[in-house]
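Undergrad: Take a look at this one; I'll ask things after.
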Amino acid sequence: GTIPSEIQMLSSLYWLDLDNNSITGTIPSEIGMLSSLTWLGLHYNSFTGTIPSEIGMLSSLTSLGLHGNAITGTIPTEFCALNNTFIVYDQFEISCTCNDSVYREGTTCN
């Protein structure tokens, strides 16, 4: 299945671990509405498309796990606003330039 857009209604959610659930489709931009979210684990699903820039609105996020999916494109520049967020992502061509540094798999934006 997919993540429904109604996920935005879980505004008090602080931990979302959907690893290894055979989820398909794109990561919904509505995840950016989960303002209390500190952990977002989406490893080993079948996500496609790009990373929604709205994830950059998750100011409390400390960990973002995306590896094991078929996500393409670049890490949105909105991620640069996320201080101390650990990003795990397995696409070597994916990078984000923040504060004159390039962030790749297993790095922290700060």
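Undergrad: Please identify the pairs in which a residue from segment 5-16 that is within 14 Å of TRP39 (Cα to Cα) has its Cβ atom under 8 Å from the Cβ atom of a residue that is at pLDDT below 95 and open to solvent by 60 Å² or more (accessible area, probe 1.4 Å), counting only partners at least 6 apart or on another chain.
TA: SER11/SER35; TYR14/TRP39; TRP15/TRP39; LEU16/TRP39
Undergrad: Go through segment 30-50 and count every residue that is open to solvent by 10 Å² or more (accessible area, probe 1.4 Å), over 12 Å from ILE3 (Cβ atoms) and assigned to a loop (DSSP other than H, G, I, E, B).
TA: Within segment 30-50, residues that are open to solvent by 10 Å² or more (accessible area, probe 1.4 Å), over 12 Å from ILE3 (Cβ atoms) and assigned to a loop (DSSP other than H, G, I, E, B) number 6.
Undergrad: Out of all the residues in segment 32-56, which are of a type in the set (A, V, I, L, M, F, W, C), over 18 Å from ASN20 (Cα atoms) and modelled with pLDDT of 90 or more?
TA: MET33, LEU34, LEU37
Undergrad: Sticking with this one: Within 14 Å of ILE3 (Cα to Cα), among the polar types (S, T, N, Q) and touching a residue at least 12 places away in the same chain (Cβ under 8 Å), is that true of ASN69?
TA: So ASN69 does not fit the description; no.
Undergrad: Hey, among ILE27, ILE55, which residue is outside any strand (DSSP E or B) and either open to solvent by 10 Å² or more (accessible area, probe 1.4 Å) or within 15 Å of THR2 (Cα to Cα) (or both)?
TA: Answer to the check: ILE27.
Undergrad: Of the residues ASN99, ASN84, which single one is at pLDDT 50 or above, open to solvent by 60 Å² or more (accessible area, probe 1.4 Å), on the phi > 0 side of the Ramachandran plot and out of contact with any Gly (no Cβ under 7 Å at 6 or more places or on another chain)?
TA: Checking each option against the conditions leaves just ASN84.
The values are calculated or read from the model by the stated rules, or taken from the named source; none is laboratory data. All figures in this text were calculated on a predicted structure; none of them were measured in a lab. Note: ideal-geometry Cβ built from the backbone for every residue, glycine included; neighbour counts use all protein chains shown. In case anyone asks, the SASA skips ligands and DNA or RNA and just uses the protein heavy atoms, side chains included. Shrake-Rupley method; radii C 1.70, N 1.55, O 1.52, S 1.80 Å.
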